[in-house]
Every structure is written in C-alpha cells, then in structure tokens.
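Notes follow once the structure below has been shown.
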Amino acid sequence: MRKKVIFGNWKMFKTNKEAIEFIQDAENKLKLPNNYVAGIAAPFTALSDLKKVSKNIIICAQNCHFKTNGAYTGEISIPMLKGIGITHVIIGHSERREMFAETSETVNEKLKSLLNEGLTPVFCCGESLEIYESKKTIDFIKEQIIKGFKDIKDSDAEKVIVAYEPIWAIGTGKTASPEQAQDVIKSIRDILSNIYTKDVASKIIIQYGGSVNPKNVNNILSQPDIDGALVGGSSIEVSSFLELFKTNEK
Ligand code: 13P
C-alpha cells in the first residue's frame, strides 16, 4: 500500500530562528496517523539546523543544481545537501519553471543526479490556467513527464515522488475538486505505466498541490490515486500544518 505523504513547502518564508521554533513545536505536537509521512521543504539557510532538531518530520530542500560542483554562483549542489543529511529535494516547481528559467531539460538533469546520489526527488508538474481552459492539461503534463523522466530506469522511477500542482490552484484559494485532481493524477499514473510498467507506476507516490488546507485535505486524499499533498500557505503556521494530519478515521 502506498503511503500518504504530506509535505509543507515554505517557499521563501521563515528565518532560521522561525524555522527552528516551528519544527520544535510541530515535532512535540505531531500525531502522525499510520501510514502517513510528514515533511517540510525549508529554505536552504535553515536546512542544516532543522536536520538537528527534526525527528519525525522529513526536512526537504526546495531546489538543487544538477552538477556536483563548479562555477555556478548562488547555486547549491546535491553533495552539499547530502552532506547535511538531506534526503528529499523538490525539483521543477512551477514557480522555478516560471520565474527562474527551470526547463524540463534541467529538471531531467536534476532528477538523474538526485537518483544517482540516492536522494528522493519530489518532481513537480502542472499546467497554467490558459492550458487548463483550453483543455490541454493532459497533453501538457504528458510532455513534462516524458521529458522529465527521460533516461530514468524503472528501478529509479519508482523512487520518485510526483507532485501534480495546477498553477491556477497555487496560492489562489481555487482548489481543483478532488475528482478533477483524481482524474489528472490517474492520467499521470497511466502515462507512467506506458513509459515503465503498471507495477512501477503503481508504486509511485503522486501528491496533489494547490490550495490544500485542513478543510479539504481529507477529501483530496480519499481519492484512489492521490497519495499525499504538497502544501504552501497552510504549512506556514504550526496549527494548520498539524491539522493536515487529522484524518477522518480518528
Ligand atoms: P499553496 O498551498 O499555497 O496553494 O501552494 C502550493 C504549492 O505551490 C506547494 O508547492
């Protein structure tokens, strides 16, 4: 059975002090339901200290460079992240694709490098409002996945976490309905089945992201192909982050 994986993505929020206070408080209060995994993608400046105070919350990076080292001013390499114990890295977030020239080709390089180094990539994909309205979502996502997963072998593909985040739902309060999100995520699993095998695709964790909050999270996660959430706004306060883990069963 696939786990339910809920990661907060703080984006460019929180000083180191604020980040430490959050994780200490959240670790004390977190009641993780069976089969759930919790994580926070924090700014680079906080990662090292957060690794020291975290216990059950996975500390994730929000980006990396695909080269081991070199003249890339301002970039952070995978060995640097690995050196402080980071195991998970978000790549291809739409904000990086739109504002920082991330392309499917660079995302593919990052995916390959992360898997070679034994880290878990959180591979983001998702369409703009324009693509959504012109009903080209599946074609667009298919291209992002085919290009992003180029030359990734079966045994590596199953280790990737995919996050489907429609851009029109990010930070807008407009969530895709659970059924809409399920339809696209099911299509993503079918695309992965065609590239790999049904068995490989059935092992891949696929999250939904875009205005997920404590009120809608359980409906979203009740969909058969949705294995978790990538959460921006509702992961900033400890209380709302913790509420994401309150399942209906309890
Ligand atoms: P919001 O939850 O604020 O819509 O952000 C989603 C997101 O981009 C997470 O990576």
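Condition (residue is of a type outside the set (D, E, K, R), assigned to a loop (DSSP other than H, G, I, E, B), surrounded by 22 or more Cβ atoms within 10 Å (Cβ to Cβ) and touching a Ser or Thr at 6+ places or on another chain (Cβ under 7 Å)) applied to the stretch 121-133: is it met by at least one residue? Checked against the condition, which is being of a type outside the set (D, E, K, R), assigned to a loop (DSSP other than H, G, I, E, B), surrounded by 22 or more Cβ atoms within 10 Å (Cβ to Cβ) and touching a Ser or Thr at 6+ places or on another chain (Cβ under 7 Å), the stretch 121-133 yields at least one hit. Among the residues of the stretch 83-95, is any part of a helix (DSSP H, G or I), at pLDDT 95 or above and not polar (S, T, N, Q)? For the stretch 83-95, residues part of a helix (DSSP H, G or I), at pLDDT 95 or above and not polar (S, T, N, Q): present. Taken over the stretch 81-107, residues that are basic (Lys, Arg) and in contact with an Asp or Glu (Cβ under 7 Å, 6 or more places away or on another chain) amount to 2. What tally of residues in the stretch 168-203 results from selecting those that are out of contact with any helix residue (DSSP H, G or I) (no Cβ under 6 Å at 6 or more places or on another chain) and either over 24 Å from Glu133 (Cα atoms) or aromatic (Phe, Trp, Tyr) (or both)? Qualifying residue count for the region: 7. In the stretch 96-114 there is no residue matching the filter, namely being in contact with a Cys (Cβ under 8 Å, 6 or more places away or on another chain), assigned to a strand (DSSP E or B) and either away from the ligand (no atom under 13 Å from the Cβ) or farther than 27 Å from Lys147 by Cβ (or both).
For the stretch 54-71, which residues satisfy the criterion of being in a loop (DSSP other than H, G, I, E, B) and either touching a Cys at 6+ places or on another chain (Cβ under 9 Å) or closer than 17 Å to His93 by Cα (or both)? Answer for the stretch 54-71, where residues must be in a loop (DSSP other than H, G, I, E, B) and either touching a Cys at 6+ places or on another chain (Cβ under 9 Å) or closer than 17 Å to His93 by Cα (or both): Gln62, Asn63, Cys64, Phe66.
The values are calculated or read from the model by the stated rules, or taken from the named source; none is laboratory data. Small disclaimer: the values here were computed from a predicted structure and weren't measured. Ideal geometry is used to build each Cβ from the backbone, glycine not excepted, and the neighbour counts take in all protein chains shown.
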